[in-house]
Amino acid sequence: MELHRLSALELADRLKKREVSAVEVAEAHLARIRALDGQINAFLKVDEDWTLQSARKAQELLDRGEGGALTGVPVVLKDNISTDGVETTCASKILSGYVPPYDATVVANLKAAGATLLGKANLDEFAMGTSGENSASGPTRNPWDLERVPGGSSSGSAAAVAACMAPLSLGSDTGGSIRMPASLCGLVGYKPTYGRVSRYGLVAFGSSLDQIGPFARSVADCAALAEAISGHDPLDSTSLAHPPISRDSVKQDDLRSIKIGLPRELFGEAIDPAVREVLEAAINQLTLEGVEFKDISLPSIEYGVTTYYIIAPAEASSNLARFDGIRYGPRAEGTGHIGLVERTRAEGFGREVKSRIMIGTYALSAGYYDAYYIRAQQVRSAMRREFELAYQSVDAILSPTSPIPAFKLGELNADPMALKLLDLCTIPANMGGFPGISLNAGVTAGLPVGVQLLGPALADERLLGIASGVEKALGGPPAHWPIP
Ligand code: GLN
């Protein structure tokens, strides 16, 4: 079988048995990228020397018999994750040419695990978006249908794995940016509990919401990558003093012993009937397998999108103040200090990013701070408490991930609110800091539909175990991917 079709764990196994070398695995995936990425635009940068150098290091580890679960396995990185010596632009003109002088902790962890670093993936500029269309380098296309979006903001990370250009990738999730594209591309996408994966070296968007997490074609592969990147990091003050997510403690849950909540608010009008149909079939199947479902209500969900679109832009407006043409990236000509900063920011940021900076600055300004930002934080606390209460009577919460399947490029561009409303189901996990995972539940009209599972904070291993049980009950990881 061609190497690009193997899962991460299958590749690791063959590497360990010396049936293939890490360089061969890297070359196979680089060839696949050369063949396909012209159509998909999943990558902003592929640095073959960098990739082959990490593959050779992996082979050294394997030769010494020191390889682990990911040694020699290719991993793609979203381009808001800093890589020492390799350009990191966040798909923004304002960072074009910026080369970080250090690795993000997740990258350092992957290097220590001997993973092969395959390239930097396209995204919505500074991770702001839901479709993958807000990149200064052009939109990414969905491998299932090239006329459609892959979902965002981790658009390239998802498209790369769905097109089998890589078995694994990393994205970041502030309001759904891993789970949304996972759903639209038929993948497993997982946002860990806030603080379990270091944010050191992740270009900050909404610091209290951002979390790095994996994409894979199966739950088992996803758990292997989660293990490699997680764990306490003294370089991130919000990192939890908790051991890495342990793959060994992920036990495929016996579905007969679990209780799952179905929040009424995430099965209503906002959800496309075709999506609801796929979800209902999945729920029926899981009921046959013994899952006990319980209808629950989480009324604060109604305010989730509005609240998120105050808190996230507020944090972004402050985080993005550092891009002033003086410390990073290109500098525009301007008169005096203010003129220079104004011109650089006017030319460097795209439309969506500018709109977020303006909304955030407004929400934080004197006179409006209490009415918007403080109010939003109060709703956020109420939402967290509501979920915590729900988790006292259920093991997990199940919902659609996205209200609609992949839509056509440009289809929702005229209405920015319509795009933002698609974040309805994914936002609560970020607001509460809870873990969330999306996996494929089925297809409608040839397009994948994701199911989201949410769990209580720090119950990551349990959530992955439930996801693995659900994956099996729904027929196992998909055997067919859109581009053979
Ligand atoms: N779609 C949301 C936004 O545009 C979420 C983005 C994210 O998770 N990075 O802000």
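The values are calculated or read from the model by the stated rules, or taken from the named source; none is laboratory data. Please read all numbers here as calculations on a predicted model, not as lab measurements. All Cβ positions, glycine included, derive from the backbone under ideal geometry; neighbour counts span all protein chains shown. Accessible surface areas use protein heavy atoms only, side chains included; no ligands, DNA or RNA. Shrake-Rupley method; radii C 1.70, N 1.55, O 1.52, S 1.80 Å.
Scoring 99-109, 30-40, 74-84 by mean Cβ neighbours within 10 Å over their residues and listing the highest first yields 74-84, 99-109, 30-40. The lysines within cross-link reach of Lys111, meaning a Cα-to-Cα straight distance under 22 Å and a gap of 8 or more places when in the same chain, are Lys16, Lys17, Lys45, Lys57, Lys78, Lys120, Lys191. Name the shape class, rounded, prolate or oblate, that the alpha-carbon gyration tensor gives for region 125-227, where a ≥ b ≥ c are the square roots of its eigenvalues, rounded holds for a/c under 1.5, and otherwise prolate holds if a/b is larger than b/c and oblate otherwise. Oblate.
Given in Å, the Rg to one decimal and the Dmax to the nearest whole number for the Cα atoms of region 86-135 are 12.5, 34. Counting only protein heavy atoms and a 1.4 Å probe, the chain has 37 square angstrom of accessible area per residue. Sort region 270-382 into rounded, prolate or oblate with this rule: let a ≥ b ≥ c be the square roots of the eigenvalues of the Cα gyration tensor; rounded if a/c is under 1.5, and if a/c is not under 1.5, prolate when a/b is larger than b/c, oblate otherwise. Here region 270-382 falls in the prolate category. Among the aspartates and glutamates, which fall within straight-line cross-link reach of Lys420, defined as a Cα-Cα distance under 20 Å, with same-chain neighbours fewer than 8 residues apart omitted? Result set, ordered by chain and number: Asp124, Glu125, Glu133, Asp173, Asp210, Glu265, Glu269, Asp272, Glu302, Glu315, Glu352, Glu411. Expressed as a whole percent, the accessible surface of the chain that belongs to carbon and sulfur atoms is 52, based on a 1.4 Å probe. Between Ser92, Asn122, Gly138, the Cα set farthest toward the positive side of the dipole of region 10-157 (charges on each charged residue's Cβ, about the Cα centre) is that of Asn122. The ratio of the alpha-carbon radius of gyration of region 329-484 to the globular-protein estimate 2.2 N^0.38 Å is 1.40.
Here the chain is treated with +1 on each Lys and Arg Cβ and -1 on each Asp and Glu Cβ, and its dipole about the Cα centre works out to around 380 debye. Here the scattering of region 172-293 is modelled by Debye summation over its C-alpha atoms, one equal scatterer each and no solvent; at q = 0.10, 0.14, 0.20, 0.21 Å⁻¹ the log10 of I(q)/I(0) is -0.40, -0.77, -1.24, -1.27. Counting only Cα atoms, the chain measures 63, 52, 44 Å along its principal axes, largest extent leading.
Protection proxy ranking for 182-192, 233-243, using the average of other Cβ atoms within 10 Å per residue and placing the highest first: 182-192, 233-243.
Three principal axis extents of region 58-209 based on alpha-carbon atoms, in descending order, are 46, 32, 31 Å.
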